[in-house]
1. Would you please name the residue that is modelled with the lowest pLDDT, looking only at residues in segment 29-50 that are over 20 Å from Val16 (Cβ atoms) and charged (D, E, K, R)?
2. Inside segment 9-21, can you point out the residues that are modelled with pLDDT of 90 or more and of a type in the set (D, E, K, R)?
3. Just to be sure before I move on: is Ala43 free of Cβ contacts under 8 Å to residues at least 12 places away in the same chain and under 20 Å from Asn11 (Cβ atoms) in the structure I sent?
4. Counting only residues that are surrounded by 15 or more Cβ atoms within 10 Å (Cβ to Cβ) and at pLDDT below 70, which one in segment 51-96 is farthest from the chain's Cα centre (by Cα)?
5. Would you point out the residue of segment 114-155, among those that are free of Cβ contacts under 8 Å to residues at least 40 places away in the same chain, part of a helix (DSSP H, G or I) and basic (Lys, Arg), that is most open to solvent (accessible area, probe 1.4 Å)?
Amino acid sequence: MIALEDSILKNLQTFVSFARQRVGDAHLAEDVVQESLVKALAADRKPAGEEDTIAWFYRILRRTIIDLYRRNDARSRALDRFERELPEAPTDDDERLLCRCFKRLLPSVPEPYRELLQQIDLEGKEPAEVAAALGVTKNNLTVRLHRARKHLREMLSRNCRACSKHGCLDCTCGESDGHSHRH
């Protein structure tokens, strides 16, 4: 076991360089090698000689990199789907959610989400402009905005019950605790 670890650790920088060339990021390469080390140390069957150890670890590292690409590809497809399904501007249904309850409940929304709702839904800023200002990708912003709207919908549902279920049509929720609804 010691010889195995020594053999891998002796060649650690070579493995990190190998991974960096394939994933394009130094920190990610180190993470991939570390994940591969954990897999190697947990493996039931281990090689005998140093030469076998190097080839064996490369195979583990290669599989870890492939798994990373698969995970990233799945994540990328999910982000693409979000972007297709969620329009840049609020839909009519989203607009209906922006009733008086919206402004009353907005301060209760966590700060990062509140800021997105304020800038995009209330001030009408372009998502690409907001993404650039925040230093995030448009895909990332789209996902955050989706979560922000979902969070607000849940708050509306809990606080306004009937009005949020009907899209806040002609909602007359007041500032007080006693809500009145006309539907």
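The values are calculated or read from the model by the stated rules, or taken from the named source; none is laboratory data. Source: prediction; values computed, not measured. Cβ coordinates were reconstructed from backbone atoms using ideal geometry, including for glycine residues, and neighbour counts include every protein chain displayed. Please note that ligands, DNA and RNA were not included when accessible areas were found on the heavy atoms of the full protein model with its side chains. Shrake-Rupley method; radii C 1.70, N 1.55, O 1.52, S 1.80 Å.
1. Here the answer is Lys46.
2. The one that is modelled with pLDDT of 90 or more and of a type in the set (D, E, K, R): Arg20.
3. no
4. Across segment 51-96, the extreme among qualifying residues is Arg96.
5. Arg147
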